[in-house]
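Here the structure is laid out as structure tokens; the discussion comes afterwards.
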Amino acid sequence: QVQLVESGGGLVQPGGSLRLTCAASGRVFSINSMGWYRQAPGKQREVVATITSGGNTNYADSVKGRFTISRDNAKNTVYLQMNSLKPEDTAVYYCHAERELTHGLGYVDHWGQGTQVTVSS
């Protein structure tokens, strides 16, 4: 009941910037938190940043000070501003949303299709 559509990935030089966008549709009113995860070849998927509906944020240590996650609740959209990009940031980035089911029935995870971010000179 929640669809996540990502955009903004691509190729960028080291030190450059990219802005990822994730637009949510469907039962967006039940989404508690959203975030960005990434997975590089041969590595586990890891959390990059999360943001609650109230605007509280958390970042992986590797991206603190460089990445900024933000959320526009009115537009049902979450962003990831990535500055000072490094080759180590190269990965497929996935948008994530946690949806709470009605009357405390549980939670459901929703994932975007993933967008490739490549940092290379």
Under the Karplus relation 6.51 cos²θ - 1.76 cosθ + 1.60, θ = phi - 60°, what is the ordered set of whole-Hz ³J(HN,Hα) values for segment 6-20, x standing for Gly and Pro? 9, 7, x, x, x, 9, 9, 7, x, x, x, 9, 9, 10, 8
For SER33, enumerate residues with amide H under 5 Å from its amide H, sequence gap 5+ or separate chain, H modeled in the peptide plane. GLU98
Label-point separation, SER7 to LYS75 (7 Å along Cα→Cβ), nm: 1.0 nm
What percentage of all Cα-Cα pairs in the chain are separated by more than 18 Å? 48 percent
Students often forget the sequence filter, so: which aspartates and glutamates lie under 20 Å Cα-Cα from LYS43 once same-chain residues fewer than 8 apart are removed? ASP61, GLU88, ASP89
Give me the percent of accessible area attributable to carbon and sulfur for segment 1-55, probe 1.4 angstrom. 49 percent
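Please list 17-27, 45-55 highest first by mean number of surrounding beta-carbon atoms within 10 Å per residue. Intermediate results must be reported in sequence, preceding the final value.
Working: 17-27: 17.6, 45-55: 15.8.
Result, highest mean Cβ count within 10 Å first: 17-27, 45-55.
Can you work out the accessible area per residue across the chain, with the rest of the protein chains kept in place, probe 1.4 Å, in square angstrom? List each step's numbers first, then the result.
Working: 6530 Å² over 121 residues.
Normalised by residue count, the accessible surface of the chain is 54 Å².
The values are calculated or read from the model by the stated rules, or taken from the named source; none is laboratory data. Remember, predicted model here, so these are calculated numbers, not experimental data. Because the Cβ atoms are built from the backbone with ideal geometry, glycine has one as well, and the counts that use them run over all protein chains shown. Side chains included, ligands, DNA and RNA excluded: accessible areas come from the protein's heavy atoms. Shrake-Rupley method; radii C 1.70, N 1.55, O 1.52, S 1.80 Å.
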